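The structure appears below as structure tokens.
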Amino acid sequence: MVIGDNNMQLIVRKKYLDELIELYGTPDIKVITGIRRSGKSVLLQEFVTYLQSLQEQVNIVMINLQELEFDQLLEYHELHKYILNQYKEGIPNVLLIDEVQLCPQFELAINSIYVKRIYDIYITSSNAFLLSSDLATLFTGRTMEIQVYPFSFVEYLTYYKITKEYDEAFDQYVRTGGMPGAYVYKTENRQYDYVRDVYSTILIRDLVEKYKIRNKSEFTNISEFMMDNIGNLLSPNNICRTLNNSQSEITRKTVSKYISYLENAFLFYEAKRYDLKGKKYLTNNSKYYLCDSSFRYAVNGTRNMDFGRVYENIVYLELRRRGYEVYVGKLYKKEIDFVAKKRETQLYIQVSDNISNEKTFEREYSPLLAIRDAYPKMIIARTYHETYDYKGVKVVDICRWLREC
């Protein structure tokens with residue numbers, strides 16, 4: 001199976017495009033966030049194409065601050081003046097700014113344009129520069145955040161035009177992940193080189209420089225430790241103890257701060273624990289999942305593939321793509337991999353690589369059977385079989401589940 005293509009193909013990311021179309025014309029400042037190189041710029045271009053297809057005339061002002069043509073707009077007064085000069089009376093005006101953080105104090109220009117109510121505003125920013133927590137303080141107007149993730153398995157299939165042999169494609173997706181920029185390379189090693197480069201850029205350019213981190217190796221060690229322990233319960237305390245046993249003298253406070261930086265960059269996501277009996281969130285210990293499994297293999301190597309943890313990571317991300325809030329469930333001494341919530345909907349999910357062994361199967365279904373409410377319960381595993389029911393628990397193959405969208 002060819003895993004690379006010399007010519008980068010563009011596919012319409014319908015889910016995100018539909019979100020932008022739904023928000024078109026609303027007064028909110030639309031903010032597109034997500035890990036570096038996850039396709040935010042391409043999404044803006046797709047939206048521009050949609051606007052150009054409309055029957056009505058629309059004035060589209062598109063600014064990519066990475067391009068030399070817009071070099072003079074890297075000063076916020078100049079950015080503001082340019083936007084005002086591009087305005088056209090009597091028709092809808094849409095402003096799209098890519099990599100807005102490259103203009104220092106950009107929020108002053110955006111806020112001034114916003115209060116004039118003359119533009120429908122869309123902006124993107126590289127990770128760690130425009131955080132969910134910053135939006136309310138940065139902008140005077142109401143913001144709407146659209147989070148963009150790396151390619152899902154369905155998008156991977158679409159990109160490569162795969163319409164059969166899904167199992168083989170899934171095995172490849174598990175190894176090489178969903179970073180679209182890696183797909184232009186024909187070998188796995190070259191794809192990992194690309195992902196490692198993205199990772200280094202995030203750590204050094206985005207985080208070390210932004211937060212003025214002095215001890216780069218300590219920061220890198222924490223990131224790689226978390227990669228190696230996706231799906232394990234972690235806390236700043238136990239990370240601190242582990243690293244200090246390796247002759248590091250890092251403090252719990254510093255570990256906690258570094259974890260927040262990695263989350264700010266959308267490199268990791270935290271899944272907090274939820275006590276199903278007490279109906280409360282637990283503050284001690286969380287699980288952390290990578291934005292894409294390819295980072296784990298690209299950075300830490302492929303000697304220990306540990307498919308069970310990687311499948312868990314893939315399911316976690318897919319649940320987030322599908323709009324769920326995702327927690328780790330605790331019921332007495334039992335653990336449920338995921339409690340997924342969306343409005344009135346709730347799902348309980350166990351994830352495994354292989355449940356053909358009876359003891360493994362029992363280990364997965366017994367925590368689900370201990371839950372007494374009527375919400376759906378599911379085991380997602382690599383079964384290679386059609387979906388079936390066991391005592392009210394739905395057992396589904398992960399490759400098939402990922403294709404359900």
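The values are calculated or read from the model by the stated rules, or taken from the named source; none is laboratory data. From a predicted model like this one, the values you see are computed outputs, not experimental measurements. Please note: Cβ atoms are built from the backbone with ideal geometry, for glycine as well, and neighbour counts cover all protein chains shown. The accessibility values were calculated without ligands, DNA or RNA, using every heavy atom of the protein model including side chains. Shrake-Rupley method; radii C 1.70, N 1.55, O 1.52, S 1.80 Å.
How large is the helix-only mean residue ellipticity at 222 nm for the chain, computed as the sum of -39500 (n - 2.57) over DSSP H runs with n ≥ 4, divided by its residue count, in deg cm²/dmol to the nearest 500? Numbers along the way, then the final one.
Details: 15 runs with 159 residues, N = 405.
Helices in the chain give a 222 nm mean residue ellipticity of -11500 deg cm²/dmol.
Suppose R0 equals 22 Å; then what is the FRET efficiency for ASN85 and THR26 from their Cβ-Cβ distance, rounded to the nearest 0.05?
Numbers: r = 25 Å, r/R0 = 1.13.
Calculated value: 0.35.
Quick check: convex hull of the Cα atoms in the range 167-207, volume per residue, rounded to a whole Å³? Could the numbers behind the result be given before it?
Values: hull volume 2.8 nm³, N = 41.
Given the Cα convex hull of the range 167-207, per-residue volume reads 68 Å³.
For a quick check of understanding: with a 1.4 angstrom probe and all protein chains in place, what accessible area in square angstrom does LYS394 have, to the nearest ten?
80 Å²
Once you place label points 7 Å from the Cα toward the Cβ at ASP228 and LEU369, how far apart are they in nm?
So the label points at ASP228 and LEU369 sit 3.7 nm apart.
Which of the GluC sites (Glu not before Pro) found in the range 227-275 are loop residues per DSSP with 16 or fewer other Cβ atoms within 10 Å of their Cβ?
Of the GluC sites (Glu not before Pro), the ones in loops of the range 227-275 whose Cβ has at most 16 other Cβ atoms within 10 Å are GLU249.
Quick one: net charge of SER41's neighbours, Cβ under 13 Å, K/R +1, D/E -1?
0
Specify the angular offset, from 0 to 90 degrees and rounded to the nearest 10, of the alpha carbon long axis of helix 166-176 from the longest principal axis of the alpha carbons in the chain.
Helix 166-176 and the main axis of the chain meet at about 70 degrees.
Using only Cα atoms, find the angle between the long axis of helix 358-369 and the longest principal axis of the chain, and express it within 0 to 90 degrees, rounded to the nearest 10.
The answer is roughly 60 degrees.
How high is the relative contact order of the chain, in percent, with contacts defined as C-alpha pairs under 8 Å that are six or more residues apart?
Over the chain, the number comes to 14 percent.
Between (1) 1.00; (2) 1.24; (3) 1.05, which matches Cα Rg over 2.2 N^0.38 Å calculated for the structure shown?
Of the labelled values, this structure produces (3).
At 1.4 Å probe size, with the rest of the protein present, what percent of the exposed accessible area of the range 253-405 is carbon and sulfur atoms? Walk me through the numbers before you get to the answer.
Details: 3220 of 7090 Å².
Carbon and sulfur together cover 45 percent of it.
I want to verify a result. In a Gaussian network model of the chain, Cα cutoff 10 Å, which of these has the top mean-square fluctuation: SER352, SER293, SER112?
SER112
Using θ = phi - 60° and the Karplus form 6.51 cos²θ - 1.76 cosθ + 1.60, what ³J(HN,Hα) does each residue of the range 286-298 get, whole Hz, x for Gly and Pro?
Each residue's phi maps through the Karplus curve to give 9, 10, 10, 10, 6, 5, 6, 5, 4, 5, 4, 6, 5 Hz.
Beta carbons within 10 angstrom, averaged per residue: use that to sort the peptides 37-43, 323-329, 207-213, highest first.
Those peptides, ordered most packed to least, come out 37-43, 323-329, 207-213.
Pop a pseudo-label 7 angstrom from the Cα along the beta-carbon direction at both SER41 and THR140 and give the gap in nm to one decimal.
3.2 nm
If you take the square roots of the eigenvalues of the alpha-carbon gyration tensor of the range 255-405 and sort them as a ≥ b ≥ c, do you get rounded (a/c under 1.5), prolate (a/b over b/c) or oblate?
oblate
For the range 1-101, state the average projected area of the convex hull of the C-alpha atoms over all orientations, rounded to one decimal in nm².
8.7 nm²
Starting from the range 92-176, pick out the GluC sites (Glu not before Pro) whose DSSP state is loop and whose Cβ has at most 13 other Cβ atoms within 10 Å. Please report the intermediate quantities before stating the final value.
Numbers: sites: GLU99, GLU107, GLU145, GLU155, GLU165, GLU168; in loops: GLU99, GLU165.
Taking the range 92-176 and a limit of 13 other Cβ atoms within 10 Å, the loop GluC sites (Glu not before Pro) found are GLU165.
What list of ³J(HN,Hα) values in whole Hz, one per residue of the range 194-202 in order, does the Karplus curve 6.51 cos²θ - 1.76 cosθ + 1.60 (θ = phi - 60°) give from phi, with Gly and Pro shown as x?
4, 5, 4, 5, 4, 4, 4, 4, 4
Whole-Hz Karplus ³J(HN,Hα) for the range 17-33, in order, using 6.51 cos²θ - 1.76 cosθ + 1.60 and θ = phi - 60°, x for Gly and Pro?
Coupling constants for the range 17-33: 4, 4, 4, 5, 4, 4, 8, 4, x, 7, x, 5, 7, 8, 10, 9, 10 Hz.
What does the convex hull of the alpha-carbon atoms of the range 359-404 project to on average, in nm²?
Computing the convex hull of the Cα atoms and averaging its projections yields 3.4 nm².
Rank THR383, THR140 by accessible area, highest first, at a 1.4 Å probe radius?
THR140, THR383
Want the number for HIS77 to ASP389: 0.36 nm per residue separation, take away the alpha-carbon distance, what's left?
On the way: separation 312, 0.36 × 312 = 112.32 nm, distance 6.26 nm.
Gain on stretching HIS77 to ASP389: 106.1 nm.
How high is the relative contact order of the range 41-173? Use alpha-carbon pairs under 8 Å, at least six apart in sequence, and give a whole percent. Walk me through the intermediate numbers first.
Numbers: 137 pairs, mean separation 26.6, N = 133.
Here the relative contact order equals 20 percent.
Quick check for me: using +1 on Lys/Arg Cβ and -1 on Asp/Glu Cβ, what's the dipole size of the range 189-268 about its Cα centre, in debye to the nearest 20?
The calculation lands at about 280 debye.
Can you find, among LEU54, THR140, GLY308, the residue farthest towards the positive end of the dipole of the chain? Put +1 on the C-beta of Lys and Arg, -1 on that of Asp and Glu.
Going by the charge dipole, the pick is GLY308.
Counting Lys and Arg as +1 and Asp and Glu as -1, what is the net charge of the other residues whose Cβ lies under 14 Å from the Cβ of LYS14?
-1
Sum up the charges of everything whose Cβ sits under 15 Å from the Cβ of ILE222, counting Lys and Arg as +1 and Asp and Glu as -1, but leave ILE222 out.
Cβ neighbours under 15 Å give a net charge of +1.
Using Cα pairs under 8 angstrom and six or more residues apart, how large is the relative contact order of the range 270-403, in percent?
Taking the mean separation of contacting Cα pairs over the length of the range 270-403, I get 17 percent.
Could you give the length gained by full extension between GLU67 and ASN111, i.e. 0.36 nm per residue of separation minus their alpha carbon distance, to one decimal place? Write out the running numbers ahead of the final one.
Numbers: separation 44, 0.36 × 44 = 15.84 nm, distance 2.29 nm.
Additional length available on full extension: 13.5 nm.
Nearest 20 debye, what's the magnitude of the dipole of the chain about its Cα centre given +1 on Lys and Arg Cβ and -1 on Asp and Glu Cβ? Don't skip to the answer; put the middle values down first.
Numbers: 54 positive and 53 negative charges, 307 e Å.
Taking the Cα centre of the chain as origin, the dipole is about 1480 debye.
Report the extension gain between ARG214 and THR251 in nm, rounded to one decimal, defined as 0.36 nm multiplied by the number of residues separating them, less their alpha carbon distance.
11.9 nm
Tell me, how many Å apart are the Cα centres for the range 165-235 and for the range 45-116?
The distance from the Cα centre of the range 165-235 to that of the range 45-116 comes to 32 Å.
Considering amide H positions built from the backbone, and no H for Pro or chain starts, which residues 5 or more places from MET144, or on another chain, come under 5 Å of its amide H?
Under 5 Å from the amide H of MET144 lie the amide H atoms of ILE29, LYS30, VAL31, each far enough along the sequence or on another chain.
If the reach is capped at under 29 angstrom between alpha carbons, list the lysines near LYS14, excluding any in the same chain fewer than eight residues apart.
Answer for LYS14, where 29 Å is the Cα cut-off: LYS30, LYS40, LYS161, LYS164, LYS186, LYS341, LYS342, LYS377, LYS394, listed by chain and number.
Go through THR124, THR360, THR187 and list them by solvent-accessible area, largest first, probe radius 1.4 Å.
Details: THR124 0, THR360 25, THR187 70 Å².
Largest accessible area first, the list is THR187, THR360, THR124.
With a probe of 1.4 Å, find how much accessible area the range 141-256 has per residue, and write the answer as a whole number in Å².
Spelled out: the 1.4 Å probe surface of the range 141-256, per residue, equals 48 Å².
Could you check the simple spin-label distance between GLU362 and SER235, using points 7 Å along Cα→Cβ, in nm with one decimal?
It is 3.2 nm.
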